[in-house]
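Take a look at the structure below.
The values are calculated or read from the model by the stated rules, or taken from the named source; none is laboratory data. Computed from a predicted structure; not experimentally measured. Backbone-built Cβ (ideal geometry, glycine too); neighbour counts: all protein chains shown.
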Amino acid sequence: MTDTNRIALVTGANKGIGLEIARQLAQAGVTVLLGARDTARGEQAASMLVAAALTVKPIKIDVNDNATITAAAEEISNTYGRLDILVNNAGIVDAADGPPSVAAVAAARRLMETNFLGTLAVTQAMLPLLRRSQAGRIVNLSTTLGSLAINGDPTSPYYDARLIGYNASKAALNMLTVQLAAELKDAPIVVNSVAPGYVRTDLTGHNGFMTPAEGARLPVEYALLGEDAVSGRFVEPQGTAPW
């Protein structure tokens, strides 16, 4: 299978890293379905990429709305018959999050609903389509903050980043990667968690060391892994990340 007939879905792709992942996949010859919960924003982002002669189509999908997830899966099935690449990029932060002693429980719940349970729901809905691919690829956008080892390492620069809701939601996402990779070990589908790095986006308040284009490179690399693809890994720009 060549890149020119691969079909990819990227969630939360109307801005930030998601938009850049969509752009770079399309530049590699992939047909990209640009997922967005806001139809108008999705159409605007897709139109910008189409104007650059890229094959990108908007698709409405809200990871917290099962009706939109089901509808998106049906649309992909009816139009393409399969899905080759799923990039679970959609995610949030919450201003009411913080250390365990003071974080709002409602904020932690919102974070878990979107970053973990929303991703689980999308993945379950898209798995039948990925099973029809000759070489399915699932990329879960994680973060170094989702590493239990890093959170427990006083020498780590991330040790003081105590955001119980966000960090726990990404640790749960990593558990999805581990378990799903094991479950699919006999299928032609690989699953990996990718921490893109500290990227300047709305999610980080435009703090960080990398541009969205730079942050998209590693997720795109893992979305396009070839026949010798590894599965069940947690990676960051510096190499393998500790669970």
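The table for this structure:
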{"read-out": "Check on Ala172, closer than 23 Å to Leu117 by Cα, among the small types (Gly, Ala, Ser), exposed (fewer than 14 other Cβ atoms within 10 Å of the Cβ) and modelled with pLDDT of 95 or more", "value": "no"}
{"read-out": "Residue within the stretch 162-181 that is farther than 21 Å from Asp97 by Cα and within 13 Å of the chain's Cα centre (by Cα) present", "value": "yes"}
{"read-out": "Scope the stretch 192-243; condition at pLDDT 85 or above, among the acidic types (Asp, Glu) and over 17 Å from Gln24 (Cα atoms); matching residues", "value": "Glu227, Asp228, Glu236"}
{"read-out": "Members of the stretch 125-170 that are of a type in the set (A, V, I, L, M) and more than 11 Å from Ile85 (Cα to Cα)", "value": "Ala125, Leu141, Leu145, Leu148, Ala149, Ile150, Ala161, Leu163, Ile164, Ala168"}
{"read-out": "Residue pairs meeting the criteria (Cβ under 7 Å; at least 6 apart or on separate chains; first in a helix (DSSP H, G or I), in the stretch 172-189; second among the charged types (D, E, K, R) and at pLDDT below 95)", "value": "none"}
{"read-out": "Looking only at the stretch 91-111, and only at residues there that are in contact with an Asp or Glu (Cβ under 9 Å, 6 or more places away or on another chain) and assigned to a helix (DSSP H, G or I), the one that is farthest from Val30 (Cα to Cα)", "value": "Ala106"}
{"read-out": "Near pairs, Cβ below 8 angstrom, 6+ apart or cross-chain, from the stretch 221-243 (within 22 Å of Ala187 (Cα to Cα) and in contact (Cβ under 8 Å) with a residue 40 or more places away in the chain) to any residue that is charged (D, E, K, R) and buried (at least 17 other Cβ atoms within 10 Å of the Cβ)", "value": "Tyr222/Arg137; Ala223/Arg137; Leu224/Arg137; Leu225/Arg137; Ala229/Arg137"}
{"read-out": "The stretch 102-123 residues that are more than 21 Å from Thr70 (Cβ to Cβ) and modelled with pLDDT of 95 or more, paired with ones that are of a type outside the set (Gly, Ala, Ser) and not in a helix (DSSP H, G or I) (beta carbon under 6 Å, 6 or more apart)", "value": "Ala103/Asp97; Ala107/Asp94; Ala107/Asp97; Arg110/Asp94; Leu111/Asp94"}
{"read-out": "Filter pass, Gly98 being in contact (Cβ under 8 Å) with a residue 40 or more places away in the chain, surrounded by fewer than 23 Cβ atoms within 10 Å (Cβ to Cβ) and more than 11 Å from the chain's Cα centre (by Cα)", "value": "yes"}
{"read-out": "Matching residues, the stretch 1-24, being of a type in the set (A, V, I, L, M, F, W, C) and in contact with a Ser or Thr (Cβ under 9 Å, 6 or more places away or on another chain)", "value": "Met1, Ile7, Ala8, Ile17"}
{"read-out": "Flag if Asp153 is in contact with a Phe, Trp or Tyr (Cβ under 7 Å, 6 or more places away or on another chain), without any contact (Cβ under 8 Å) to a residue 12 or more places away in the chain and over 22 Å from Ala216 (Cβ atoms)", "value": "yes"}
